[in-house]
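> After the structure tokens below, expect a handful of questions from me.
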Amino acid sequence: MKKSNPVGAAFMQLPALLEQNAALIERGRFLEVNCLLGATDQAYHVAIRAGRIVGMDPAPILMRSWTFSYLATPEAWTAFWQPIPKAGWHDLLSLTKRGAATLEGDIKPFMTHLQYFKDLLALPRSAGGAA
């Protein structure tokens, strides 16, 4: 019997949560990227086109390429998605600085659209996170 994965469930909500946020879609209107996002124990291949998530599949997928990956521990995501996260757990770059997350690959699209990714990955906060 497989145990439930609240972090994975929170990630699977991202496309629906994003569709409810027209301002965030507009902010990402110039973004076209395939990336790997998620937890260190379950990542997702995410295809973003014009600010919308058009594909999201559990990794690994043989021969699937990505431009960059942003992966954090399940504990880091749980802390990040708190309604008011503690200092050091509130920001994607803070998570990498403390060693709870990794950012790899060609990070130019991530850094160019940093506020988009910060807001996108914070969307589960409003939906209860990984509670």
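The values are calculated or read from the model by the stated rules, or taken from the named source; none is laboratory data. Only a predicted model underlies this, so the values are computations on that prediction, with no experimental measurement involved. Backbone-built Cβ (ideal geometry, glycine too); neighbour counts: all protein chains shown.
> Could you list, ordered by first residue, the pairs with Cβ atoms under 7 Å in which the first is in the range 101-112 and surrounded by 13 or more Cβ atoms within 10 Å (Cβ to Cβ) and the second is in a loop (DSSP other than H, G, I, E, B), at least 6 apart or interchain?
Taking only residues 6 or more apart or on different chains, the pairs are GLY105/TRP66; GLY105/THR67; PRO109/LEU31; PRO109/THR67.
> Now for a separate question. Right, LEU103: in a helix (DSSP H, G or I), within 13 Å of the chain's Cα centre (by Cα), farther than 21 Å from ALA127 by Cα and not basic (Lys, Arg) or not?
For LEU103, the condition - in a helix (DSSP H, G or I), within 13 Å of the chain's Cα centre (by Cα), farther than 21 Å from ALA127 by Cα and not basic (Lys, Arg) - is not met.
> Looking at LEU123 and the list (1) out of contact with any helix residue (DSSP H, G or I) (no Cβ under 7 Å at 6 or more places or on another chain); (2) assigned to a helix (DSSP H, G or I); (3) within 20 Å of ALA10 (Cβ to Cβ); (4) modelled with pLDDT of 95 or more, which single condition is not satisfied?
(1)
> Taking ILE53, is it buried (at least 19 other Cβ atoms within 10 Å of the Cβ) and in contact (Cβ under 8 Å) with a residue 24 or more places away in the chain? Write out each step before concluding.
Details: buried (at least 19 other Cβ atoms within 10 Å of the Cβ): yes; in contact (Cβ under 8 Å) with a residue 24 or more places away in the chain: yes.
So ILE53 passes the test.
> While we're on this one: Which condition number does ASP106 fail, the rest of (1) touching a helix residue (DSSP H, G or I) at 6+ places or on another chain (Cβ under 7 Å); (2) at pLDDT 95 or above being met?
Result: ASP106 fails condition (1) only.
> Cβ-Cβ distance below 9 Å, separation of 6 or more or different chains: which pairs start in the range 6-30 with a residue that is within 13 Å of ALA122 (Cα to Cα) and touching a residue at least 60 places away in the same chain (Cβ under 8 Å) and end on one that is surrounded by 15 or more Cβ atoms within 10 Å (Cβ to Cβ) and among the acidic types (Asp, Glu)?
Listed pairs, sorted by first residue: ASN21/ASP119; LEU24/ASP119.
> Then there is this: Can you name every residue in the range 2-50 that is among the small types (Gly, Ala, Ser) and either crowded, with 18+ Cβ neighbours inside 10 Å or assigned to a helix (DSSP H, G or I) (or both)?
Passing the criteria: GLY8, ALA9, ALA10, ALA16, ALA22, ALA23, GLY28, GLY38, ALA39, ALA43.
> What residue, among those in the range 77-93 that are free of Cβ contacts under 8 Å to residues at least 40 places away in the same chain and under 24 Å from GLY51 (Cβ atoms), is surrounded by the fewest Cβ atoms within 10 Å (Cβ to Cβ)?
LEU93
> Between a residue in the range 31-45 that is without any contact (Cβ under 8 Å) to a residue 24 or more places away in the chain and any residue that is assigned to a loop (DSSP other than H, G, I, E, B) and of a type in the set (Val, Ile, Thr), which pairs come within a Cβ distance under 8 Å, given they are 6 or more apart or on different chains?
Sorted first by the residue in the range 31-45, then by its partner, the pairs are HIS45/ILE61.
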